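The values are calculated or read from the model by the stated rules, or taken from the named source; none is laboratory data. Small disclaimer: the values here were computed from a predicted structure and weren't measured. All Cβ positions, even for glycine, are placed from backbone atoms using ideal geometry, and neighbour counts span all protein chains on display.
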Amino acid sequence: MPSRTPQIEATRRCLRDNMPITNNWAYFDHAAVAPISGPAAETLRQWLDEATQHGDTCWLDWAHKLAETRTAAANLLGAETGEIALVQHTTAGINLVAEGLDWQRGDNVVTLDDEFPTNAYPWLNLASQGVETRRVPTTDGHVDLDQFAEHCDARTRVVSVSWVAYASGYRRNLQAIADIAHQHKALFFVDAIQGLGVFPLNVKETDVDALSADGHKWLLGPEGAGIAYLSKTTLSQLKPIGVGWHSVKHAHDFSRIELNLKTTAERYEGGSHNMAGFLALGGSLNLFASLGVENLANAILDFTDTACSQLEDLGATIHSPRDTDQRSGIVSFELPDHDPDLVRKHCLKNSVALNCRAGRLRISAHAYNNQEDLDKLLVALKSAPN
């Protein structure tokens, strides 16, 4: 693929060198479950060897590296290390707020009608406490901000949206939505899983109060290892849940039973960590830091721009936004007179991984995907049965 700048090509080549998946697949399913990066895989192998041959004699070294993962996550978000909790998935991070706030009957949550279930059920589950969940209509991911504001009122406690819509790939203007939330004195929560790591986000500059994302998509880590961000102000409003031995300041003094909770987001890490998973996530975070998020974003958008053009030449109808600030790595499209599920199965047989969402085909390309991958996709689509 001809790149627009030498930096894009350098970023693509460097990341591709760290993605063993490219030996076997043209992989366009990062919005579902991504292949893990080379550094993540190497970290897992090292942990497995150490755990097998040396047991917990390596635990202190693992704990030190775990702290480095937490710091790397904080740096990615422009947050303080004490505002980061290591969680097992996006849902866990959302529930820190959903189950942690002191809800009152008549309160409400405002979210969107195209949210992945992860960002719907924790809020809907509050109905038994008299909390209403209001779902603002969207059109192919587009949000009418005036309509969004009309759904908020004095009883709105939380505004919760996905940064990037999982089906359409629409990347939202978080600052605009944050402003609406804060005008109503509500907390602004972001499900960041479809953009974190590959698009720049500073939670302080964007006025995000809380955020959650698993690492198994764009961060190229294993499943079961994600991060949650809770600003200091938000943390002070939440009751502790999931409390365990690791939640207290004297976590390693097992004979001292005293509920003296940590004042940081780490208090939510009640039990033993998924050590292997979080260390592997740290390997990917370090790789991303070396490449630069801006460079990754430019490489992804360069690819999806080209992919959309060549898909249209093939006769596809693109349903994802292509305006500069709304684009993402997700492209939703239709092939006329083709069943999306049959097309997907055909592509898989030809070593091309993509998915179907909302009745359409969906590719989700990362910064390492190149013209060779795109050519394989196009060849598979051309030969797909009707």
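Do we find that residue 228 is farther than 15 Å from residue 76 by Cα and modelled with pLDDT of 95 or more in this structure?
The answer is no for residue 228.
Quickly run through region 116-142 and pick out the residues that are surrounded by fewer than 20 Cβ atoms within 10 Å (Cβ to Cβ), in contact with a Phe, Trp or Tyr (Cβ under 8 Å, 6 or more places away or on another chain) and under 17 Å from residue 172 (Cβ atoms).
116, 140, 142, listed by residue number.
Since residue 92 meets every condition but one in (1) surrounded by fewer than 18 Cβ atoms within 10 Å (Cβ to Cβ); (2) part of a helix (DSSP H, G or I); (3) touching a residue at least 24 places away in the same chain (Cβ under 8 Å), which condition does it not meet?
Residue 92 satisfies every listed condition except (1).
Restrict the check to region 242-254 and report whether at least one residue is of a type in the set (S, T, N, Q) and surrounded by 18 or more Cβ atoms within 10 Å (Cβ to Cβ).
Step one: filter region 242-254 for residues of a type in the set (S, T, N, Q), giving 247.
Right, trim to surrounded by 18 or more Cβ atoms within 10 Å (Cβ to Cβ) and you get 247.
Looking through region 242-254, at least one residue is of a type in the set (S, T, N, Q) and surrounded by 18 or more Cβ atoms within 10 Å (Cβ to Cβ).
Considering every residue within region 138-152, establish whether at least one is in a strand (DSSP E or B), over 17 Å from residue 190 (Cβ atoms) and not acidic (Asp, Glu).
Checked region 138-152: at least one residue is in a strand (DSSP E or B), over 17 Å from residue 190 (Cβ atoms) and not acidic (Asp, Glu).
Quick check on my filter: what residues within region 303-320 are out of contact with any strand residue (DSSP E or B) (no Cβ under 7 Å at 6 or more places or on another chain) and crowded, with 21+ Cβ neighbours inside 10 Å?
Scanning region 303-320 gives a single hit, 303.
Among the listed residues 241, 300, 227, which satisfies the condition of being hydrophobic (A, V, I, L, M, F, W, C) and assigned to a loop (DSSP other than H, G, I, E, B)? Spell out the reasoning first.
Numbers: 300 fails: assigned to a loop (DSSP other than H, G, I, E, B); 227 fails: assigned to a loop (DSSP other than H, G, I, E, B).
241 is the lone residue from the list that is hydrophobic (A, V, I, L, M, F, W, C) and assigned to a loop (DSSP other than H, G, I, E, B).
Just to check your reading of the model, which residue among 91, 111 is under 23 Å from residue 285 (Cβ atoms) and modelled with pLDDT of 95 or more?
When all the criteria are applied, what remains is 91.
Is it the case that region 337-344 has a residue that's under 28 Å from residue 290 (Cα atoms), surrounded by 14 or more Cβ atoms within 10 Å (Cβ to Cβ) and over 18 Å from the mean Cα position of the chain (by Cα)?
no
Among the residues of region 195-240, write down those that are among the β-branched types (Val, Ile, Thr) and surrounded by 17 or more Cβ atoms within 10 Å (Cβ to Cβ).
The answer is 198, 203, 206, 208, 227, 234.
For region 1-85, which helices (runs of 4 or more DSSP H) that fit wholly inside it have 1 or more residues that are buried (at least 21 other Cβ atoms within 10 Å of the Cβ), more than 22 Å from the chain's Cα centre (by Cα) and at pLDDT below 95?
none
Can you confirm whether residue 321 is without any contact (Cβ under 8 Å) to a residue 60 or more places away in the chain and in a loop (DSSP other than H, G, I, E, B)?
The answer is no for residue 321.
Regarding residue 384, is this residue assigned to a loop (DSSP other than H, G, I, E, B), crowded, with 23+ Cβ neighbours inside 10 Å and in contact (Cβ under 8 Å) with a residue 12 or more places away in the chain?
No, not satisfied.
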